[in-house]
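Chemist: What follows is a single structure, and I will ask about it in a moment.
FYI, it's all coordinate maths here, none of it is from the lab. All values derive from a computational prediction rather than experimental measurement. Every residue, glycine among them, receives a Cβ derived from its backbone with ideal geometry; neighbour counts consider all protein chains shown.
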Amino acid sequence: MLTNILTARTGRALAVLVAAGSVASCGAGAAAPEATTESAETRTVEHAMGATEVPADVERVVVLDTGELDAVVSLGVTPVGAVTTDVSTSLVSYLGDELSETEPVGTIGEPNLEMIASLDPDLILSNTVRHEDLYDEFSEIAPTVFAGDVGDTWKETLRLTGDALGQRERADQLIADYEARAAEVGESVSGGDPASVEVSVVRFLPDQIRLYGEASFIGTVLADAGFARPASQQVQDTFVEVSPEQISQADGDVLFTSTYGAPEDTAVAEVTGGELWNRLGAVQAGNAHEVSDDTWMLGIGVTAANLVLDDIENILG
């Protein structure tokens with residue numbers, strides 16, 4: 001159970017940080033209506049860029065962002081191609097053997113059109129945030145379906161992917177099962193009162209330190225579990241950026257940290273070894289924990305969300 005947490009909150013003052021967040025990872029969208037019509041050979045899928053005729057039996061999928069990748073694999077489909085992040089030559093680690101037969105086709109920032117075409121896909125999945133300018137070029141290769149956002153809209157992305165793959169009912173069930181489990185985990189690790197526990201999330205990137213807000217993938221997972229958030233993270237943005245000198249705003253009853261890319265390219269060692277960090281109540285109480293960036297930040301889907309719940313249960317249970 002959470003110990004030394006609820007008593008550690010007295011006297012903690014967290015300033016509200018107001019800053020513009022850019023889309024980078026997280027979300028929980030409302031249920032989208034069914035958006036397909038189907039014939040014997042194709043189904044029409046409505047999406048952010050219009051309507052696309054997709055083969056009724058999709059066999060070769062190329063996926064160009066991590067949220068769509070999680071969605072496809074969660075629905076039991078192995079993509080023939082997928083992109084890596086811009087700081088890695090490997091596909092996201094948490095999907096492991098599920099991607100053993102998936103070919104990398106460039107990075108999220110620079111997908112390789114020739115490699116994508118060489119895989120002869122019958123469906124390409126991405127979103128407008130990452131690749132709106134490339135939609136027409138992708139569509140010349142294969143039927144292409146785009147989500148309208150990333151991060152906190154991950155449930156909508158899973159439903160849209162379900163539409164494209166003819167698995168909408170399964171997508172809905174995955175979400176319902178996850179939401180039930182999230183509520184159970186929040187209750188079990190908090191003595192039945194997750195709303196009394198403030199959970200803070202800090203991510204170290206090259207040249208940035210981010211506190212993740214409510215309008216993010218991880219923000220929605222924590223909300224689904226019923227946790228409170230520190231004042232600095234009670235914002236409808238994906239994240240707010242802070243300097244090392246502002247790291248006191250990262251405090252909470254529980255603190256989770258992750259690092260994007262090579263740690264030596266970030267300020268993680270400088271910050272976590274510094275005096276301000278070690279004054280944080282969560283750090284002093286032994287409630288600061290490092291977690292996987294792949295699952296907590298990059299996954300942006302139901303499989304990653306369930307792995308986040310595993311971490312919370314294992315660390316706080």
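Chemist: Among TYR260, TYR135, what is the fewest-to-most ranking by other Cβ atoms within 10 Å?
Modeler: Fewest to most other Cβ atoms nearby, the residues stand as TYR135, TYR260.
Chemist: Could I ask something else about it? Using the alpha-carbon centroid of each, what span in Å lies between segment 285-317 and segment 136-159?
Modeler: Their Cα centres are 25 Å away from one another.
Chemist: If R0 is 41 Å, what FRET efficiency do you get for GLN246 and GLU114 from their C-beta distance, rounded to 0.05? Could the numbers behind the result be given before it?
Modeler: Working: r = 45 Å, r/R0 = 1.09.
With a Förster radius of 41 Å, E is 0.40.
Chemist: Can you sort TRP154, TRP277 so the residue with the fewest Cβ neighbours within 10 Å comes first?
Modeler: Listed from fewest to most nearby Cβ atoms, that is TRP277, TRP154.
Chemist: Next question, about the same structure. Assuming a viscosity of 0.890 mPa s and a temperature of 25 °C, what translational diffusion coefficient in µm² per second does Stokes-Einstein assign to segment 36-173, Rh being the Kirkwood radius over Cα pairs?
Modeler: On the way: Rh = 14.6 Å.
Answer, rounded: 168 µm²/s.
Chemist: Still on this structure, I have one more. Could you tell me the center-to-center distance, by alpha carbons, between segment 191-230 and segment 43-106 in angstrom?
Modeler: So the two Cα centres are separated by 27 Å.
Chemist: Can you say what percent of the DSSP beta bridges in segment 36-173, counting only those with both residues inside, are antiparallel? Round to 5.
Modeler: Given both bridge residues lie in segment 36-173, the antiparallel proportion sits at roughly 45 percent.
Chemist: Then there's this: Among SER74, THR161, SER139, whose Cα projects farthest towards the positive end of the dipole of segment 36-173, with charges put on the beta-carbon of Lys, Arg (+1) and Asp, Glu (-1)?
Modeler: SER74
Chemist: Tally the DSSP beta bridges in the chain and give the antiparallel ones as a percent, rounded to 5.
Modeler: Given both bridge residues lie in the chain, the antiparallel proportion sits at roughly 45 percent.
Chemist: Same structure, new question: Return HIS131, HIS289 ranked ascending by Cβ neighbour count within 10 Å, so the fewest neighbours appear first.
Modeler: HIS289, HIS131
Chemist: Roughly how big is segment 102-168's charge dipole about its Cα centre, with Cβ charges of +1 (Lys, Arg) and -1 (Asp, Glu), in debye to the nearest 20?
Modeler: With only Lys, Arg, Asp and Glu charged at Cβ, the dipole is about 400 debye.
Chemist: How high is the FRET efficiency between ASP122 and SER93 when r is their beta carbon distance and R₀ equals 25 Å, given to the nearest 0.05?
Modeler: 0.35
Chemist: Now for a separate question. Counting only Cα atoms, I'd like the Rg/Rh figure for the chain, Kirkwood definition for Rh.
Modeler: When Rh is taken as the Kirkwood radius, the ratio is 1.00.
Chemist: Quick check for me: using +1 on Lys/Arg Cβ and -1 on Asp/Glu Cβ, what's the dipole size of the chain about its Cα centre, in debye to the nearest 20?
Modeler: On the way: 14 positive and 54 negative charges, 259 e Å.
Roughly 1240 debye for the chain.
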